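**Q** Pasting a structure here, questions to come.
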Amino acid sequence: MSATVIDGKALAAETRERVRAGVGALRARTGVTPGLGVVLVGEDPASVSYVTAKERALAEAGMRSVDVRLPEGTGQEELLAVIARLNADPEVHGILVQLPLPRGLDTDAVIAAIAPEKDVDGFTPVNVGRMILGQPCFLPCTPHGVLRLLERAGARTRGAHAVVVGRSAIVGRPLANLLSRKAPDGDATVTFCHSATPDLGRFTRQADILVVATGRPGTVTAEMVKPGATVIDVGVNRVPDASARRGYRLRGDCDFEGVAQVAGAITPVPGGVGPMTIAMLLENTLRAAERAAGVAE
Ligand code: GUN
């Protein structure tokens, strides 16, 4: 293997430690403890494990989580009432609704109901609009984490050709936008690829920075990568494996072993982007609490 492995776990640990110090400082100065409302509907195993990890991280950072677990068959009105209650709760500074929601619920309407000043996921139309216009906003956690990982890897975005594969509202779309904005962690020339892109390798081979977020293992293989490129693998896929303790193994969207022979640097799965998503959520929650307490912009 020739690529440097970018250690998301270590960077996330540093970030979380900084947040923990910030939480202590805020409490000492104002008496306010940051609180996050965490809403999970149903029992999708991946969502349960993400939410559990987020709640553990909140506790370790000295924050409060207000956990709302709702059964699979929860109705739209009931869920909107939960959001309204969290919007009105002065001890809740941020709200996270774990996605995807079970079928039958209107995700767009639920997200739009979150008060923008509590939207620490950066998913509401108001936040997305602000981001695209370059106005102050909460950046969505996974794309923000990717930018931090690029910085840590020493991958300059300015003037680089960045190729983003995957057009989800949570990762690909915001990331393509952030990488192209006029900013120290932007200024890249961005090519935005997706499931309707023919001959994906023709584009990915031109990437100095390649971000893969399709949710499909094996999307990018070694011959699709430019030698020396920085590769960020956002995928977290459960691939059945009878020899693994839980009966599955976590795999990214890239063929890690092959791509690591060619790339200059690559994030592992697990231990790359995932921990940074949580760290960025904590940062946003702290900032939401600081704003509510009147000590931050
Ligand atoms: N599902 C997958 N990623 C995320 C995320 O960052 N936030 C929420 N709320 N749901 C998700």
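**Q** Residue by residue through the range 22-30, which ³J(HN,Hα) values in whole Hz follow from phi under the Karplus form 6.51 cos²θ - 1.76 cosθ + 1.60 (θ = phi - 60°), with glycine and proline marked x?
**A** x, 5, x, 5, 5, 5, 5, 7, 10
**Q** Over all directions, what mean area does the Cα convex hull of the chain project, stated in square nanometres?
**A** One quarter of the hull surface, i.e. the mean projection, equals 15.5 nm².
**Q** Rounded to the nearest 500, what is the 222 nm mean residue ellipticity of the chain from helices alone, with -39500 (n - 2.57) per DSSP H run of 4+ residues and division by all residues?
**A** So the calculated ellipticity at 222 nm is -12000 deg cm²/dmol.
**Q** Between 269, 247, 224, whose Cα lies farthest towards the positive end of the dipole of the range 205-297 when Lys and Arg beta carbons carry +1 and Asp and Glu beta carbons carry -1, centred on the Cα centre?
**A** 247
**Q** Next question, about the same structure. Pull out the extension gain between residue 28 and residue 202, defined as 0.36 nm times the separation in residues minus the alpha carbon to alpha carbon distance; nm, one decimal.
**A** In short, 57.2 nm is gained.
**Q** Can you give me the distance in nm between label points at residue 67 and residue 84, each placed 7 Å from the Cα along the Cα-to-Cβ direction?
**A** Calculated label separation equals 2.7 nm.
**Q** Let me ask something else about it. Per residue of the range 269-277, what does 6.51 cos²θ - 1.76 cosθ + 1.60 with θ = phi - 60° give for ³J(HN,Hα)? Whole Hz please, x for Gly and Pro, Karplus curve as stated.
**A** Working through the residues one at a time gives 10, x, x, x, 6, x, x, 6, 4 Hz.
**Q** Put a dot 7 Å past each Cα toward the Cβ at residue 261 and residue 2; how far apart are the dots in nm?
**A** According to this spin-label approximation, the distance is 1.1 nm.
**Q** Right, another one. Using Cβ contacts closer than 10 Å as the measure, can you line up 165, 295, 32, 92 from fewest to most?
**A** So the residues, fewest neighbours to most, are 295, 32, 92, 165.
**Q** Multiply the residue gap between residue 77 and residue 195 by 0.36 nm, knock off their C-alpha separation, and tell me the result in nm, one decimal place.
**A** Difference between extended and current length: 39.1 nm.
**Q** Neighbour counts of other C-beta atoms within 10 Å: give me 9, 54, 182 arranged from fewest to most.
**A** Sorted ascending by nearby Cβ count, the order is 182, 9, 54.
**Q** Let me ask something else about it. Using 0.36 nm times the number of residues separating residue 291 and residue 13, minus their current alpha carbon distance, what extension gain do you get?
**A** Using 0.36 nm per residue and subtracting the Cα-Cα distance, I get 97.7 nm.
**Q** Further question: Please turn the phi angles of the range 86-97 into ³J(HN,Hα) values with the Karplus equation 6.51 cos²θ - 1.76 cosθ + 1.60 (θ = phi - 60°), one per residue in order, whole Hz, x for glycine and proline.
**A** The phi angles translate into 5, 4, 8, 7, x, 8, 9, 9, x, 10, 10, 9 Hz.
**Q** Modelled label-to-label distance, residue 151 and residue 244, 7 Å Cα→beta-carbon offset: nm?
**A** 3.2 nm
**Q** State log₁₀ I(q)/I(0) for the range 180-271 at q = 0.24 Å⁻¹ as given by the Debye formula over alpha-carbon point scatterers of equal weight, solvent excluded.
**A** -1.23
Every number here is computed from the coordinates shown, using simple stated rules; none is lab data. All values reported here derive from a predicted model rather than from experimental measurement. Backbone-built Cβ (ideal geometry, glycine too); neighbour counts: all protein chains shown.
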